Every structure is written in structure tokens, then in C-alpha cells.
1. When the dipole is taken about the Cα centre of the range 1-70, and only Lys, Arg (+1) and Asp, Glu (-1) are charged at their Cβ, what size is it in debye, to the nearest 20?
2. Ranked highest first by the average count of other Cβ atoms within 10 Å around their residues, in what order do 114-127, 63-76 fall?
3. Any idea which of TRP73, ALA111, ALA139 is furthest toward the positive side of the dipole for the range 50-144, if Lys and Arg beta-carbons carry +1 and Asp and Glu beta-carbons -1?
4. Helix 78-87 against the longest principal axis of the chain: what's the angle in degrees, Cα atoms only, rounded to the nearest 10?
5. Count charges around VAL109 for me, please; just the other residues with Cβ under 11 Å from its Cβ, Lys/Arg as +1, Asp/Glu as -1.
6. Relative to the longest principal axis of the C-alpha atoms of the chain, give the angle of the C-alpha long axis of helix 28-45, reported between 0 and 90° and rounded to the nearest 10°.
7. Kindly express, to the nearest 10 degrees and within the range 0 to 90, the angle between helix 6-24's C-alpha long axis and the longest C-alpha principal axis of the chain.
8. Give me Rg/Rg_expected for the range 50-144, where Rg uses Cα atoms only and Rg_expected = 2.2 N^0.38 Å with N residues.
Amino acid sequence: MTRVWILPVLFVVCGAALATGPVLQGDAGRAAVLLLVFLLLAGVTSPLVFPRSVGAAEARRRSAADGRPVVFWRPGCTYCMRLRFRLGRDARRLHWVNIWRDPEGAAAVRAANDGDETVPTVVVAGRPHTNPDPAWVRAQLAPSA
């Protein structure tokens, strides 16, 4: 559970360390900008920007009931962030499974990707799709609208 926060905390610590130099030189504006950039990076790479994750079993159950895709993801994955941001508000309509928190979800991703934990893996109607185009994922939501 704590490894999902390693990258965001690293960004905060690095930002604070880099902002210390300008503060000591009396350039508070530059320090604030540096710190803000690193805080934004920490926020984007944290699990906070993703809809609340559920377990793989619960996601499959919900998907069977409403027909919506299941997205297996992990914090810090640039492709997962790309999918999340490109989907915009529609991302909340998907069922998200954090593979770092759910061993069953990680096993499902490995089974779909020849033993690799390649994310995002989107499961639509029982078929896995690795790193699909966000427009395609949005189109998969249309029938369940």
C-alpha cells in the first residue's frame, strides 16, 4: 500500500529541496513556482486523481451487471494517467482496479499480458485490451449510457 505513494512523496521532497536554494538566495517567487510544479507532479502521479478503486472480483461483478469496462491500472503509470485524463468525466463511469492494492487484479493483468503487469489493461465483455486508445474506451461506454 505504501509503494503507491513513493513517487508522489519523492516529488514533494525533491521540490522542497530544490526550492530551498532560491529561498536562501532571497528569490521566494522562483521557489514558490518550483515547489508548485513539483506539488502538481506529485498530485498527478498520486492515486488521488483516479476514481475510487475496487477489487477485481467486485469490478467484474459490477461490469457483468452494467456492461461497463473494467480498467486495471497502477499509480505512476503515464499511460494510465493519459487514459484517465483523456476520458475526463467519463472515467468515473468505468470500474477501476489498482493492481498494487489488489493481488487478484494483478494476477488478471498478468494472465492477459503473458505474465507482464502491463497497464492500463481494459476488459470489455470479458476480453482484455492492453493500453487501448482513450477514444475507443469512451466508445465502449456508449452502449451503457
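Every read-out reported here was derived from the displayed coordinates using simple, explicitly stated rules and does not represent laboratory data. Please read all numbers here as calculations on a predicted model, not as lab measurements. So basically every Cβ, Gly included, is an ideal-geometry build from the backbone, and we count neighbours across all protein chains shown.
1. Rounded to the nearest 20 debye, it is 380 debye.
2. Working: 114-127: 16.2, 63-76: 19.6.
The most tightly packed comes first, giving 63-76, 114-127.
3. ALA139
4. Approximately 70 degrees, to the nearest ten.
5. Details: positive: ARG74, ARG110; negative: ASP102, GLU104, ASP114, ASP116, GLU117.
Taking every other residue near VAL109 into account, the sum is -3.
6. With rounding to tens, the tilt is 20 degrees.
7. That works out to roughly 20 degrees.
8. Working: Rg = 11.7 Å, N = 95, 2.2 N^0.38 = 12.4 Å.
Ratio of Rg to 2.2 N^0.38 Å for the range 50-144: 0.94.
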